[in-house]
Amino acid sequence: MVTNTALAQNSRFKIGWIILVAFNALMLLMHFVLIFFLGEPVLFIGYTAFNFYALIVLLIPFRRIEKWAWLTTWILPIGLALPASADPGIAMIYFGASALLVLGLLLTMQEFFSNRSGK
């Protein structure tokens, strides 16, 4: 049986989801552009693919309130914080984006783990 849980989403979930989608889309665009302008295209091709996959997860299963999507989306802030800790030149940008992604995830947490979702 298919249920439409998207109708029951509260404003906190929508704000968190918009933060996640917007920042992931911006990172996707940024990493795609960096493929052509910096000396390590393979690294940025990997990040572009990573962000593209995360965007697909955010747009479909995350919006459907599937718990696995919320749990796996934590890879986004972790995946940004790890390289930032090794390179002080990108630390402010990546730590800031990582903090906003964590905020987006925390705003959506109640919708995933409330009893009314029935999952």
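Key figures for this structure:
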item: Scan of the range 56-89 for residues that are outside any helix (DSSP H, G or I) and under 16 Å from residue 28 (Cα atoms), ordered by number; result: 73
item: Complete set of residues in the range 80-97 that are surrounded by fewer than 18 Cβ atoms within 10 Å (Cβ to Cβ) and either small (Gly, Ala, Ser) or within 19 Å of residue 110 (Cα to Cα) (or both); result: 81, 85, 86, 89, 91, 96
item: Single residue of 58, 28, 34 found to be touching a Ser or Thr at 6+ places or on another chain (Cβ under 8 Å), farther than 20 Å from residue 113 by Cβ and either at pLDDT 90 or above or not small (Gly, Ala, Ser) (or both); result: 28
item: Residue satisfying condition, being surrounded by 15 or more Cβ atoms within 10 Å (Cβ to Cβ), under 23 Å from residue 52 (Cβ atoms) and not aliphatic (A, V, I, L, M), within set 111, 66; result: 66
item: Filtered residues of the range 22-55 (kept if of a type in the set (Gly, Ala, Ser) and assigned to a loop (DSSP other than H, G, I, E, B)); result: 39
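The values are calculated or read from the model by the stated rules, or taken from the named source; none is laboratory data. Only a predicted model underlies this, so the values are computations on that prediction, with no experimental measurement involved. Quick reminder, even Gly has a Cβ in these numbers, built from the backbone with ideal geometry, and neighbours come from all protein chains shown.
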